[in-house]
Amino acid sequence: GAVVSQHPSWVICKSGTSVKIECRSLDFQATTMFWYRQFPKQSLMLMATSNEGSKATYEQGVEKDKFLINHASLTLSTLTVTSAHPEDSSFYICSAGKTGGSYEQYFGPGTRLTVT
Amino acid sequence: RKEVEQDPGPFNVPEGATVAFNCTYSNSASQSFFWYRQDCRKEPKLLMSVYSSGNEDGRFTAQLNRASQYISLLIRDSKLSDSATYLCVVISYSGAGSYQLTFGKGTKLSVIP
């Protein structure tokens, strides 16, 4: 199988603080990982493409200085929400595909962020 | 035109019904296609890959039409547990292990007793 984990699964933080979310591929290597955000009752929205060893590619409208992505190894990507505000409260999900495979995506269980 | 389009639904069908979803894509160079299902407040889970020859898994059948650039998902004998949002995912390779992922906004299915 292919397992992707995320940590933490949920977090509550105060406005102005930063939160780091980890995404790990546990049993495979992933050159590329993706980060998404989903607000209640809305569609999944791709935020950025995280590439190991290079800068992330952000979707239009996503602030790269606010959502810092670091893909330091073939099994770990991190998303840091800087200076969080209540409107950043959302469900953040990552996905990864096996390098050299068909790239079907395995999704992490998601992280629920609540900013108070 | 959006890169990947799906009818958002909702599709409300009775148990036992057959329901079909379509998903159109604009990038003719797309190479891999998948259907995912997402339950409320959960992450998407792979339902099935979609091949040019079509593929079937129990009550589910997926097909790819490259000429018309769409993929379809057919669910037969709908169960209450099939209620979910169905996402189509399209992948285009850009070489050297890099690829681009595009997905639809999802089609919501509600199976009614």
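What the table below lists for this structure:
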quantity: In order through region B:60-71: 3J(HN,Hα) via Karplus (6.51 cos²θ - 1.76 cosθ + 1.60), integer Hz, x for Gly, Pro; calculated: 10, 10, 10, 9, 10, 10, 5, 4, 9, 6, 8, 10
quantity: Under-5 Å amide H pairs with A:Ile21, H placed in peptide plane, nonlocal only; calculated: A:Leu79, A:Thr80, A:Val81
quantity: Cα-derived Rg over Rh, computed across chain A with Rh taken as Kirkwood radius; calculated: 0.95
quantity: Charge dipole magnitude, Cβ of K and R +1, D and E -1 - chain B, Cα centre, debye nearest 20; calculated: 180
quantity: Whole-Hz couplings from phi, Karplus 6.51/-1.76/1.60, listed for region A:75-90; x for Gly and Pro; calculated: 10, 9, 10, 10, 10, 10, 8, 8, 6, 5, 10, x, 6, 7, 4, 5
quantity: Förster radius 41 Å - calculated FRET efficiency between A:Asp27 and B:Glu3 (Cβ-Cβ, nearest 0.05); calculated: 0.85
quantity: Percentage relative contact order, chain B, counting C-alpha pairs under 8 Å, at least six apart; calculated: 36
quantity: Eligible lysines near A:Lys41 by straight Cα distance, threshold 27 Å, same-chain separation 8 or greater; calculated: A:Lys14, A:Lys20, A:Lys64, A:Lys66, B:Lys2, B:Lys42, B:Lys45, B:Lys79, B:Lys105, B:Lys108
quantity: Potential lengthening between B:Asn65 and B:Ser49 on full extension [0.36 nm per residue; Cα-Cα distance subtracted]; calculated: 4.4 nm
quantity: Largest to smallest accessible area among A:Lys20, A:Lys41, A:Lys55 [probe 1.4 Å]; calculated: A:Lys41, A:Lys55, A:Lys20
quantity: Accessible area in square angstrom per residue, the protein assembly as shown, 1.4 angstrom probe; calculated: 49
quantity: Largest-first ordering by accessible area, 1.4 Å probe, given options A:Arg24, A:Arg112; calculated: A:Arg24, A:Arg112
quantity: Exposure of B:Leu80 as accessible area (Å², to 10), given a probe of 1.4 Å and all protein chains; calculated: 80
quantity: Residue mean of other protein chain beta carbons inside 10 Å, A:38-46; calculated: 4
quantity: Cysteines without a disulfide-compatible neighbour (Cβ-Cβ under 4.7 Å), chain A; calculated: A:Cys13
quantity: Cys residues of chain B counted as unpaired, since no other Cys beta-carbon is under 4.7 Å; calculated: B:Cys40
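The values are calculated or read from the model by the stated rules, or taken from the named source; none is laboratory data. Given the structure is predicted, the values throughout are model-derived calculations rather than measurements. Every residue, glycine as well, gets a Cβ built from its backbone with ideal geometry; the counts of neighbours run over all protein chains shown. Surface areas here come from the heavy atoms of the whole protein model, side chains and all, with no ligands, DNA or RNA. Shrake-Rupley method; radii C 1.70, N 1.55, O 1.52, S 1.80 Å.
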